[in-house]
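Q: Okay, here's the structure, questions in a sec.
Any read-out appearing in this document is the output of simple, stated calculations on the displayed coordinates, not a laboratory observation. Quantities reported herein were computed from a predicted structural model and do not represent experimental measurements. Glycine also receives a Cβ, built like all others from the backbone with ideal geometry; neighbour counts cover every protein chain displayed.
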């Protein structure tokens, strides 16, 4: 966490809304020691970035005022321990029921993802499917991109792994991702680099089914 001196004005506004709750522009301005006009510029930018939203508060006397609060998207700016909690839960499940049950959980998640996304693949050729898969992975935070090698081969690169803590301990999660790609694409997929195995990124070589 940054010190107060290190925080930008926008970060201070976000922190105030997180710790204090909904505030008016005047209530935001007073602790910052800057002009109301400057605060409103920051508020406009935060609204454009979908980090804050406003509702209108009507008072018995005087004009209505806007009250600002953080959006759900803004919660991603604050530290979380989802990975640690998930690891703890998986560890407890493994102790109680064994690794086979934990692996089965990953398998069921893969099947659920297939059902969720297979409709987006309908009627598309391999290149279009790879493009859609890249979109899906980006929606889920993988910072993915793909390039075309030729009409039969593509390379998908993931620069981030949102479940890296889990994949480091439970390699079956990576195996399920590979099977997910193969099922959604209807293609042969080979992972040549893996973040969970110490690589700099996850790289998948994708070929049309049956091509050597």
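Q: In nm, give the distance between the simple-model label positions of residue 205 and residue 147, each being 7 Å from the Cα along the Cα-to-Cβ direction.
A: Using points 7 Å along Cα→Cβ, the separation is 1.4 nm.
Q: According to the Cα gyration tensor, what semi-axes, each the square root of 5 times an eigenvalue, does the equivalent ellipsoid of segment 44-86 have, listed from largest to smallest in whole Å? Please report the intermediate quantities before stating the final value.
A: Working: eigenvalues 202, 31, 6 Å².
Working from the Cα gyration tensor, I get semi-axes of 32, 13, 5 Å.
Q: Put a dot 7 Å past each Cα toward the Cβ at residue 112 and residue 18; how far apart are the dots in nm?
A: Each label point lies 7 Å from its Cα, and together they span 2.8 nm.
Q: I need the semi-axes of the equivalent ellipsoid of segment 82-208: take the C-alpha gyration tensor, multiply each eigenvalue by 5, square-root it, list largest first in whole angstrom.
A: Over the Cα atoms of segment 82-208, the semi-axes work out to 27, 16, 12 Å.
Q: For the chain, set up a GNM with springs between Cα atoms under 10 Å and report which of 68, 82, 142 has the largest fluctuation.
A: 68
Q: Let me ask something additional. At 222 nm, what value in deg cm²/dmol follows for the chain if DSSP H runs of at least 4 each add -39500 (n - 2.57) and the sum is divided by all its residues, to the nearest 500?
A: On the way: 8 runs with 102 residues, N = 212.
Value at 222 nm, helices only: -15000 deg cm²/dmol.
Q: I want to verify a result. In a Gaussian network model of the chain, Cα cutoff 10 Å, which of these has the top mean-square fluctuation: 149, 67, 102?
A: 67
Q: Cβ neighbours within 10 Å, averaged per peptide: list 110-118, 163-171 in order, most packed at the top.
A: Highest to lowest by the protection proxy: 163-171, 110-118.
Q: Once you've got the GNM for the chain with C-alpha springs shorter than 10 Å, pick whichever of 12, 124, 148 has the biggest mean-square fluctuation.
A: Comparing 12, 124, 148 in a Gaussian network model of the chain, the most mobile one is 12.
Q: Further question: Taking only the C-alpha atoms, wrap a convex hull around segment 1-103 and report its volume per residue in Å³ as a whole number.
A: Values: hull volume 15.9 nm³, N = 103.
So the per-residue hull volume is 154 Å³.
Q: Separate question: I need the calculated FRET efficiency for the pair residue 61 and residue 82, taking r as the beta carbon distance and R₀ as 35 Å, to the nearest 0.05.
A: On the way: r = 46 Å, r/R0 = 1.30.
Using R0 = 35 Å, I get an efficiency of 0.15.
Q: Taking Rh as the Kirkwood radius computed over C-alpha pairs, what is the Stokes-Einstein D of the chain at 37 °C in a medium of viscosity 0.692 mPa s, expressed in µm² per second?
A: After rounding, the answer is 158 µm²/s.
Q: Just want to confirm a number: the relative contact order over the chain, from Cα pairs under 8 angstrom separated by 6+ residues, in percent. Intermediate values should be presented prior to the final figure.
A: Values: 244 pairs, mean separation 28.7, N = 212.
Result for the chain is 14 percent.
Q: Under a plain spin-label model, where a point goes 7 Å from the Cα along Cα-to-Cβ, how far apart in nm are residue 73 and residue 40?
A: Each label point is offset 7 Å from its Cα along the Cβ direction, giving 2.3 nm.
Q: Just to verify a number: FRET efficiency for residue 127 and residue 159, C-beta to C-beta distance, R0 = 22 Å, to 0.05?
A: After rounding to 0.05, the efficiency reads 0.60.
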